[in-house]
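To start, the structure itself, in structure tokens.
The values are calculated or read from the model by the stated rules, or taken from the named source; none is laboratory data. Just so we're clear, the structure is a prediction, and the values are computed from it rather than from any experiment. Here the Cβ positions follow ideal geometry from the backbone for every residue, glycine too, while neighbour counts run over all protein chains shown.
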Amino acid sequence: MRIKRYVGDNVAEAMGKIKRELGPDAVILHTRKFKEGGFWGFFGKTRIEITAAIEDSIPSSKKEEPIKKAEPPMPAMEAKTQVEFAQIYKVLTELKSDLVKQEEQEKFPKPLNNWLKDLVGKGISQELAETLIQEVRQELPMNKWDESEAVRNVLKERIVHFCRNTQGIVLDKRPVIVALIGPTGVGKTTTIGKLAADYSLFQKKSVALLTADTYRVAAAEQLKIFGDIIGNPVEIVTNPENFSKAMVKHKDKELIFIDTSGRSPHHEIHMSELENFLSWVKPDLTMLVLSATTNLADQLIIFERFKKMSTHLVLTKLDESLHNGSILDVVVKTGLPVAYLTNGQSVPDNIEAATPEKMAGYILGENCNYEWTDKRFAAIGK
Ligand SMILES: Nc1nc2c(ncn2[C@@H]2O[C@H](COP(=O)(O)OP(=O)(O)O)[C@@H](O)[C@H]2O)c(=O)[nH]1
Ligand SMILES: [Mg+2]
């Protein structure tokens with residue numbers, strides 16, 4: 001048996017050489033795709049290597065004899081063509097699987113690929129992480145791809161850019177009405193408590209609290225505490241009449257927060273009740289509250305259901321998840337401005353006005369030991 005390796009630019013070329021040298025009876029033993037030249041396996045030329053063998057002790061004329069004697073079901077020529085087809089098919093399937101494996105492993109050069117994995121590990125979707133790494137690849141010269149600091153800086157700058165749409169409450173009229181909506185348990189009431197306390201106690205603004213949440217006894221109790229904190233009883237508004245009354249009473253307030261009961265995005269009646277409620281309340285800002293502990297797919301479903309009512313996002317429970325990367329996808333896919341970030345249960349401390357830099361910090365997991373600063377909303381509400 002003679003075994004020989006043939007190299008060509010493509011399968012046809014390598015097979016052509018085999019056929020010419022070893023004849024049509026050659027058997028394919030192994031195929032391989034490899035890169036020649038280049039750098040780090042990149043920019044090299046793709047070549048095909050096929051290892052073929054032939055039984056050289058039997059003259060090819062003799063080999064054909066038994067086929068003739070055995071009266072094959074089809075002419076010998078046709079059988080040979082089929083064998084060739086089968087061999088080419090084998091080569092192509094092997095190469096295809098090699099190619100798929102290679103693509104999976106080497107979407108980017110090694111150091112960038114490691115960053116890609118890191119970003120996906122932080123909860124950013126594969127698609128968005130690839131977009132980010134592609135930007136690093138274009139922006140940084142190749143010799144910096146394994147410099148952590150350089151890559152991190154570009155990534156951070158890109159993430160900050162994606163998160164640039166932030167906007168808190170602006171007190172540009174009187175009263176400004178802010179409603180918080182979203183599924184149950186995401187932190188709507190707690191966030192209202194934090195905002196109301198901050199505006200009323202620290203910024204000395206006149207604030208009223210209204211609620212449409214009469215579903216749970218605990219909800220009323222929770223709100224009552226926040227009402228006590230700001231020195232104003234909470235008003236319950238469940239229909240246009242008592243809402244109008246409350247509005248007359250609080251017409252001189254600078255800020256009115258409206259709490260809603262958690263609405264299941266999968267419950268049609270809940271959704272239309274909420275839409276109906278908002279149609280007569282007509283808030284200036286309607287903030288959809290999303291929790292970082294909810295997985296990305298669910299966050300996007302929730303957004304789809306609430307989007308026509310929402311003007312802003314509030315992202316909560318950033319302290320509970322070590323994989324806050326999904327908020328980048330949420331921000332990119334929703335396009336809504338992010339107003340506030342919350343990261344703990346403590347009222348009024350664990351809230352801050354969203355900024356692109358803070359969001360990037362959470363996404364990259366840099367805010368674990370974040371120190372809460374005073375005057376959080378000093379820049380807004382003027
Ligand atoms: N860890 C953490 N818990 C929060 C945060 N915001 C709210 N919570 C908690 O989440 C639970 C539900 O909050 P709540 O305000 O009642 O949610 P609502 O149903 O949307 O009004 C409560 O136990 C809150 O203390 C946050 O930023 N971080
Ligand atoms: Mg609530």
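Any residue in segment 176-193 that is at pLDDT 95 or above sitting within a Cβ distance under 9 Å of a residue that is part of a helix (DSSP H, G or I) and hydroxyl-bearing (Ser, Thr, Tyr)? List the pairs, counting only those 6 or more apart or interchain.
As it stands, the answer is Leu180/Thr189; Leu180/Thr191, since those pairs meet every condition given.
Give segment 121-151 a look and list any residue that's of a type in the set (Asp, Glu), surrounded by 14 or more Cβ atoms within 10 Å (Cβ to Cβ) and not in a loop (DSSP other than H, G, I, E, B), or say none.
Glu130, Glu135, Glu139, listed by residue number.
Quick one: Ala208 ticks every box in (1) more than 12 Å from ligand 2 (Cβ to nearest atom); (2) surrounded by 24 or more Cβ atoms within 10 Å (Cβ to Cβ); (3) within 33 Å of the chain's Cα centre (by Cα) except a single one, so which number is it?
(3)
Based on this model, can you work out whether Gly168 counts as touching a residue at least 12 places away in the same chain (Cβ under 8 Å), closer than 23 Å to Leu315 by Cα and in a loop (DSSP other than H, G, I, E, B)?
So Gly168 passes the test.
Does segment 263-277 contain at least one residue that is in contact with a Leu (Cβ under 9 Å, 6 or more places away or on another chain) and surrounded by 15 or more Cβ atoms within 10 Å (Cβ to Cβ)?
yes
Would you check if there is a residue in segment 265-281 being within 12 Å of ligand 2 (Cβ to nearest atom), under 30 Å from Ala297 (Cα atoms) and not aromatic (Phe, Trp, Tyr)?
no
If we keep just the residues of segment 180-213 that are in a loop (DSSP other than H, G, I, E, B) and touching a strand residue (DSSP E or B) at 6+ places or on another chain (Cβ under 6 Å), which is farthest from ligand 1 (Cβ to nearest atom)?
Ranking the qualifying residues of segment 180-213, first place goes to Lys205.
Exactly one condition in (1) over 30 Å from Val7 (Cα atoms); (2) in contact with a Lys or Arg (Cβ under 9 Å, 6 or more places away or on another chain); (3) part of a helix (DSSP H, G or I) is false for Asn113; which is it?
(1)
Picking from Asn350, Asn295, Asn276, which residue would you name as being more than 16 Å from ligand 1 (Cβ to nearest atom) and either of a type in the set (Lys, Arg) or in contact with a Ser or Thr (Cβ under 8 Å, 6 or more places away or on another chain) (or both)?
Asn295
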